[in-house]
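In what follows, a single structure is set out as structure tokens and then discussed.
The values are calculated or read from the model by the stated rules, or taken from the named source; none is laboratory data. Being a predicted model, the structure only gives us computed values, none of them experimental. No Cβ is skipped: glycine too gets one built from the backbone with ideal geometry, and neighbour counts run over all protein chains shown. Side chains are part of the model used for accessible areas, which takes the heavy atoms of the whole protein and leaves out ligands, DNA and RNA. Shrake-Rupley method; radii C 1.70, N 1.55, O 1.52, S 1.80 Å.
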Amino acid sequence: MYGILLVSVVITLSGFMAYLGDQIGMKIGKKRISLFGLRPKYTSIIITVLTGVLIATLTITVILLTNNGVRKALFNIQEVLVRLDDLNQQLAVKDRSLQDREAEIAERERELVLIQQQKTELEEKLNQNQQEFARTRQKLLATQDELTNTRSDVKELENKRVELQDTNQELNERIASLHEQRKELENKMVVLNEKIDSLNEDYEKARFMAYKYGAGLQYYREGDIVFQRGDIIYSDVIETGQTQQEIVDQLSAFLERADQKVKEYPVRVDEELGTTLQLRAEEIFTVARTIINADYDRVIVSLVASVNVPQGDWVYANFILNEDFIVFQQDEYIAECVIDADGKDIEDKLSELLTAINTRAVREGLLVDNQGDVGSIDYDEFYRLHNQILNYHGKVKIKAYAGEDIWREDRLSNNLSFEISSVEGE
């Protein structure tokens, strides 16, 4: 604002001084005044020049009086130039320092870029680590759940271990009881072996006497045979999957029932033991172990005569074990035949049907009896079928089915059902 005012004042004074000089020059020219003996024309030029000098002098004077900086610059120009040179050198130094700073800034910017890249990589790694941490945390939670389940299983196993220990103790007690029973049976076996040895001696003596008198073999030929060798003396079913003691108890009950049945025949009875069967203790133990270790549900236990047993003689027998299973399920088809209801061979055809049923049953596994049969329908059932066929005309088809589940040890009898139907086209 000060500079504008100063310039305005200088311009105004300069204009005013020019105007005065012009007016003075015009007046001198009109009056034709002469200075120093010069012509008016030159006098006017001199006045004009002096007016300009006065204007410049006045301008410089006003500026010098009003502006200390111009005054110092005008009278101390050398010092100003020296200071200007120093300032230029300082500026050059500042420029070099600025360039160094700019280079340093560029280096810092490159470092910043590298740091940004490293930051990005670290952020990516951090993200990956966070994801891995999340997965690891999930795995940890799953592992904790598994650990909880494992602890529960361990607790359950511990409970089972305690139960097994109790069961083991019970089994040990049962084993001890079985050992005692075995000792008793062994003692009985010793007694029986002694009796067998005594009986063998008696038998040899009797055989010698029979041979001596020529009646030994004749006796066995003419005498009545109660059981022939291979005859089934007694048969029953024992279920497996039970404890050892239960199997032994069932086998003992089986032998008692078999002994009671054999006593119905005229055979020799031990007066001390009250038994008729002559069995080896080792074979009884073997049968018990076989039943205990069987991998099926039911076993058919049969006592079979090991020799011909005449009247009044000992009954020597062996065990035969067979797996028991359902040969025919209820309503299962077995066999069929076609019969002419108007013919005269109805009974023969029915007999052939029963033979076919027996053959199929034996082939499927039904056990045969001492006569090689698997059973038969009774007289009433046979003639009921016969009379039903007579109610038809022409050819009829008779189909035989299992009326109920037929097991391997069963006999074929009223457990069969029959279906009669007319043959189409007849």
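Do any residues in region 170-184 that are surrounded by 12 or more Cβ atoms within 10 Å (Cβ to Cβ) have Cβ atoms under 8 Å from those of residues that are assigned to a helix (DSSP H, G or I) and among the β-branched types (Val, Ile, Thr), where the two are at least six apart or on different chains, and which pairs are they?
Pairs found: Leu178/Val248; Gln181/Val248.
Mind checking which pairs have a first residue in region 223-236 that is in a loop (DSSP other than H, G, I, E, B) and at pLDDT 85 or above and a second that is surrounded by fewer than 17 Cβ atoms within 10 Å (Cβ to Cβ) and not hydroxyl-bearing (Ser, Thr, Tyr), Cβ under 7 Å, 6 or more apart or different chains?
Gln228/Asn308; Arg229/Val307; Arg229/Asn308; Asp231/Asn370
For region 377-394, does any single residue satisfy the condition of being modelled with pLDDT under 85, in a loop (DSSP other than H, G, I, E, B) and farther than 30 Å from Leu251 by Cα?
Yes, region 377-394 has at least one match.
Given the conditions (1) in contact with a Leu (Cβ under 6 Å, 6 or more places away or on another chain); (2) open to solvent by 30 Å² or more (accessible area, probe 1.4 Å), report the number of the one that Ala317 does not fulfil.
(2)
Given the criterion in contact (Cβ under 8 Å) with a residue 12 or more places away in the chain, closer than 28 Å to Gln228 by Cβ and crowded, with 19+ Cβ neighbours inside 10 Å, identify the matching residue among Val362, Val327.
Val327
Kindly indicate the residue of region 88-147 that is open to solvent by less than 90 Å² (accessible area, probe 1.4 Å) and among the acidic types (Asp, Glu) and also nearest to the chain's Cα centre (by Cα) among those meeting that condition.
Glu132
Name the residues in region 341-372 that are among the hydroxyl-bearing types (Ser, Thr, Tyr) and under 51 Å from the mean Cα position of the chain (by Cα), would you?
Scanning region 341-372 gives a single hit, Thr359.
Give me a count of the residues in region 281-304 that are under 43 Å from the mean Cα position of the chain (by Cα), surrounded by 13 or more Cβ atoms within 10 Å (Cβ to Cβ) and assigned to a helix (DSSP H, G or I).
Residues that pass the stated criteria total 6.
Read through the list (1) at pLDDT 85 or above; (2) within 30 Å of Arg280 (Cα to Cα), then give the number of the only condition that Gly372 fails.
It fails just one condition, (1).
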